[in-house]
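The values are calculated or read from the model by the stated rules, or taken from the named source; none is laboratory data. This one's a predicted model, so the numbers in the text were calculated from it and none came from an experiment. Using ideal geometry, Cβ is built from the backbone for each residue, glycine included, and neighbour counts are taken over all protein chains shown. Just so you know, the surface numbers come from the protein's heavy atoms only, side chains and all, with ligands and any DNA or RNA stripped out. Shrake-Rupley method; radii C 1.70, N 1.55, O 1.52, S 1.80 Å.
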Amino acid sequence: MDIVILAVIIAVVVLGALSGLIVGSRRKKQLPPPPPAAPDITAPPAEPHVGDEAETPREEPRRTIEEVDLPDGSAPVVIEEPPAPEIEIPEPTAGRLVRLRTRLSRSQNALGKGLLTLLSREHLDEDTWEEIEDTLITADVGVQPTQELVERLRERVRVLGTRTPEELRTLLREELVTLVGRDMDRAVKTEPEDRKPGIVMVVGVNGTGKTTTTGKLARVLVADGQSVVLGAADTFRAAAADQLQTWGERVGAYTVRGPEGGDPASVAFDAVKEGKEMGANVVLIDTAGRLHTKTGLMDELGKVKRVVEKQAPVDEVLLVLDATTGQNGLVQARVFSEVVDITGIVLTKLDGTAKGGIVVAVQRELGVPVKLIGLGEGPDDLAPFEPEAFVDALIGE
């Protein structure tokens, strides 16, 4: 009996042990592995802003939209317009002629003084007369006019006999005035009798100062009481229209301009049309500088004139020549006169190293008068040409 009870107890213990092992193994399978420990990550430093050092941004107070003061719209926003350019009062013509004599007497009277010195010699032999011819030709008078002047001087000196300095000066003055031409009509035609406005085209090669001359001529006309419209038909040079408009604004002249690289004939046409509608006295048309050897450019200049004349005849075509170019300017003048029928000459840079004889040569070449001369870089350094004043400046008063 004792053996049976002992066997039962052992069986119970064995069963309990087996049950514990089974339950333990099941619990080990159901439990998930423990999660890995998260690494410590240090945040990177904030990027520095413009003007800040490389440090962590500081907390700054911020306002909400309700706290920001906004304009209530009661006060109108005032936009200031740029002030209008001040209108200048150009210098009258009389003052310009006085300055003409002063400047030319300082820089151009080498011709007159040289001739007077040669004529004052005790014996006027052939060598002396040849020196007189050389002096005139060097001054760009031209061969044919020089020969005519020397022949007349020789005859009058021979008849005069005695030659005091005053007599020689009077003699030389008379012959030079005759050579320059006192009977030519030198008025710039800007006031046609049957209509308004008068139309003036300004032409010439590159670099002679056409745009500047056009602006200065506007000042001359405004000083004479005329209203002016400017046509910026030089559409090829980038700054030409701006330059002309600046000249116009100084004296209250209106400028008609077109797009850069546009059709110059169209701009010229619109300028004349605008001049008519505004009742202006004169329309000045500034054309592009062109090489006289370029046939296509010269043909285009003729087109500009033809387009303008669909509205009204062109009263003046002024050719601007650089007086310092001498005889080369005559070649330019000849080609331009064949294309647009030149009616007058404007000689610029007629100071400093320029030679006064070009006045005679260019008039002989074209058969048209020098009407205006430029004396310098100032805004009022353009004056009507007067033969007597010019000759007096050359030989000294």
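Given N residues in the stretch 101-248, what is Rg(Cα) / (2.2 N^0.38 Å)?
The value comes to 1.49.
Hey, what do the phi angles of the stretch 205-213 turn into as Karplus ³J(HN,Hα) couplings, whole Hz, using 6.51/-1.76/1.60 and θ = phi - 60°, x for Gly and Pro?
7, 4, x, 7, x, 5, 5, 4, 5
Taking amide H atoms as placed 1.01 Å from N in the peptide plane, list the residues 5 or more away in sequence, or in a different chain, whose amide H sits under 5 Å from that of residue 233.
286
Taking amide H positions as placed 1.01 Å from N in the peptide plane, with prolines and chain starts having none, which residues 5 or more places from residue 199, or on another chain, fall under 5 Å of its amide H?
The answer is 283, 315, 316.
Can you send over the carbon and sulfur percentage of the accessible area for the stretch 239-318, probe radius 1.4 Å, protein chains only?
48
Considering every pair of different Cα atoms, what Kirkwood radius, in Å, is found for the stretch 221-312?
13.4
Taking only protein heavy atoms into account and a 1.4 Å probe, give the accessible area per residue of the stretch 98-229 in Å².
Here the residues of the stretch 98-229 average 49 Å² of exposed surface.
Using modelled amide H (1.01 Å from N, peptide plane; none on Pro or chain starts), what sits under 5 Å from the amide H of residue 370, excluding residues fewer than 5 places away?
When sequence neighbours closer than 5 places are left aside, the close amide H contacts are 345.
Convert each backbone phi in the stretch 120-132 into a coupling constant with the Karplus relation 6.51 cos²θ - 1.76 cosθ + 1.60 (shift: θ = phi - 60°), then list the ³J(HN,Hα) values in order as whole Hz, x for Gly and Pro.
7, 5, 5, 10, 9, 8, 4, 4, 5, 5, 5, 5, 5
Output the peptides 388-394, 269-275 sorted from most to least packed, where packing is the average of other Cβ atoms within 10 Å over each peptide's residues.
With the highest mean Cβ count within 10 Å placed first, the list reads 269-275, 388-394.
Tell me, what HN-Hα J-couplings in whole Hz come from the Karplus equation 6.51 cos²θ - 1.76 cosθ + 1.60 at θ = phi - 60° for each residue of the stretch 254-263, using x for Gly and Pro?
Computed from phi, the couplings for the stretch 254-263 are 7, 10, 9, 9, x, x, 4, x, x, 6 Hz.
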